[in-house]
Amino acid sequence: MDRQPIVCNTCTGVLLTTDSRDYTTQRGRLIVTNGYCSCPPAQKATPAVTSATAPEPLAQRPVTETAMVNA
């Protein structure tokens, strides 16, 4: 089982966790001495649009073509 790191590599603050079982006595002592991580949340990388994933443009009628009504 791969455990998450407890301390931030950048600011040495304690990282937040969603599982209350992760808040141990050791983690509590680190929070008191180091505080919580103060780094901004990481931005999610947006995938680059490539020609393979880009939607095909819709075919449009030429401007010179007219529609026939009641033909």
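Of the residues making up the stretch 6-47, those that are out of contact with any Cys (no Cβ under 6 Å at 6 or more places or on another chain), among the polar types (S, T, N, Q) and assigned to a loop (DSSP other than H, G, I, E, B) are ASN9, THR12, THR17, THR18, THR24, GLN43, THR46.
Selection of the stretch 5-34 for residues being surrounded by 12 or more Cβ atoms within 10 Å (Cβ to Cβ) and either in contact (Cβ under 8 Å) with a residue 40 or more places away in the chain or more than 22 Å from the chain's Cα centre (by Cα) (or both) yields THR12, ASP22, TYR23, ARG27, LEU30, ILE31, ASN34.
None of the figures in this text is laboratory data; all of them are computed from the coordinates on show. Just so we're clear, the structure is a prediction, and the values are computed from it rather than from any experiment. Glycine also receives a Cβ, built like all others from the backbone with ideal geometry; neighbour counts cover every protein chain displayed.
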